[in-house]
1. State yes or no: is Phe12 modelled with pLDDT under 90 and part of a helix (DSSP H, G or I)?
2. Any residue at all in region 29-41 that is under 13 Å from Val142 (Cα atoms), out of contact with any Gly (no Cβ under 9 Å at 6 or more places or on another chain), aliphatic (A, V, I, L, M) and modelled with pLDDT under 90?
3. Among the residues of region 110-117, is any in a helix (DSSP H, G or I), modelled with pLDDT under 90, among the aliphatic types (A, V, I, L, M) and closer than 25 Å to Val28 by Cβ?
4. Of all residues in region 37-74, which are within 13 Å of the chain's Cα centre (by Cα) and of a type in the set (Phe, Trp, Tyr)?
Amino acid sequence: MSLQVLSKIQMFSSQESRELCLNVWWFVADESHFCVQWAAKMYFLSGDDEFKGKVLKALASTDFVTAEWHRIPDESIIVGPDGSEIRGIAPLSSVRGNQSFFEGQIFPALARTVPRNLTFMKPEDGPIELEIGREPYTCDTVIKQRMDGKLEIV
């Protein structure tokens with residue numbers, strides 16, 4: 001058995017603090033920091049918060065490419081400079097860290113991605129409860145599109 005596989009098995013049987021942790025990416029339109037899309041991935045990590053933070057930060061710079069992206073809901077409206085309504089856009093400050101946005105948008109989307117076979121796994125030290133806590137350990141990353149079309153992590 002390879003060390004990688006062995007370390008994964010030990011992760012599931014570890015008595016350390018295990019929890020579902022999140023990487024959340026916010027796609028902003030430009031320097032205005034208006035958010036138009038978001039993406040999130042969850043990871044089942046064990047270890048202390050410092051370790052979890054390092055893992056999430058390392059994955060944040062690459063995993064956004066394979067994450068499922070979602071538009072900001074049309075119910076989110078801002079008023080443009082000319083007084084017209086713009087739907088599906090929100091100030092970054094109104095969604096980032098907003099518990100009701102997490103509970104209404106992010107958590108339900110992630111819940112649909114939980115592999116069904118994991119819900120029946122029971123390691124020797126107890127069942128794995130794949131449930132997102134009310135305030136999961138989260139790493140937020142803002143991404144914007146530059147004028148040349150390339151994506152940049154802010």
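The values are calculated or read from the model by the stated rules, or taken from the named source; none is laboratory data. Fair warning: this is a prediction, and the values are worked out from it, not measured in the lab. We place every Cβ from the backbone using ideal geometry, glycine too, and count neighbours over all the protein chains shown.
1. When the stated conditions are applied, Phe12 passes them.
2. yes
3. Yes, region 110-117 contains a residue that is in a helix (DSSP H, G or I), modelled with pLDDT under 90, among the aliphatic types (A, V, I, L, M) and closer than 25 Å to Val28 by Cβ.
4. Hits for region 37-74 are Trp38, Tyr43, Phe44, Phe64, Trp69.
Condition check ((1) touching a strand residue (DSSP E or B) at 6+ places or on another chain (Cβ under 7 Å); (2) among the aromatic types (Phe, Trp, Tyr); (3) surrounded by 14 or more Cβ atoms within 10 Å (Cβ to Cβ); (4) in contact (Cβ under 8 Å) with a residue 24 or more places away in the chain) across all residues:
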| site | (1), (2), (3), (4) |
| --- | --- |
| Asp30 | yes, no, no, yes |
| Asp49 | no, no, no, yes |
| Ala58 | no, no, no, no |
| Thr62 | no, no, no, no |
| Val79 | yes, no, no, no |
